[in-house]
Amino acid sequence: MKYLLWLLKAAIFFTLFAFALNNQHDATVYFFFGTSWRAPLVLVVLAAFAGGLVVGALGMLPGWWKHRAAAAQRPAVAPEDLAIPAAPVPAAPPTDLPAVRQHGL
């Protein structure tokens with residue numbers, strides 16, 4: 001399994017590397033007020049991906065803070081209180097079958 005994951009990571013790396021090599025042409029990104037940015041297409045895609053990560057993380061920050069504050073207000077629980085009690089073993093149902101004798105050889 002370890003080798004399969006390594007192989008998958010290598011395949012992803014080489015796919016992204018081939019993508020970067022095939023997209024070296026310049027791309028122009030136009031911003032507001034007549035400003036623009038000219039860079040290789042792979043850098044533009046990488047910048048858009050990184051910007052999406054940042055915006056996504058910033059959007060999740062209020063939820064993280066709310067959950068951390070709620071967790072800090074909870075009382076501490078002793079480890080023995082977290083133990084799950086063992087379920088009782090059900091009794092075998094009665095049968096109307098006759099007892100079977102085993103004869104040794």
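Quick notes on this structure:
- Amide H contacts of residue 27 (H built 1.01 Å from N, under 5 Å, at least 5 apart or other chain): 39, 41
- For the pair residue 4 and residue 65 in one chain, pulling the backbone fully straight at 0.36 nm per residue adds 18.2 nm over the alpha carbon distance.
- Residue among 17, 49, 33 with the largest mean-square fluctuation in a Gaussian network model of the chain, springs linking Cα atoms under 10 Å: 33
- Dipole moment magnitude, nearest 20 debye, the chain about Cα centre, only Lys, Arg, Asp, Glu C-beta charged: 200
- Estimated from the Cβ-Cβ distance and a Förster radius of 22 angstrom, the FRET efficiency linking residue 21 and residue 53 is about 0.40.
- Debye intensity ratio I(q)/I(0), log10, the chain, q values 0.11, 0.23 Å⁻¹ (C-alpha model): -0.79, -1.21
- Of all the options 87, 78, 47, the one that moves most in a Gaussian network model of the chain with Cα springs shorter than 10 angstrom is 87.
- Which of 58, 12, 29, positive extreme of dipole for the chain (C-beta unit charges): 29
- Top of 39, 70, 11 by mean-square fluctuation, Gaussian network on the chain, Cα under 10 Å: 11
- Once the Cα atoms are used to define both axes, helix 2-22 deviates from the longest principal axis of the chain by about 20 degrees.
Bear in mind these aren't lab numbers, they're just calculated from the coordinates by the rules spelled out. Just so it is clear, the model here is predicted, and its values are computed rather than measured. Heads up, the Cβs are rebuilt from the backbone with ideal geometry, glycines too, and the neighbour counts pull from every protein chain shown.
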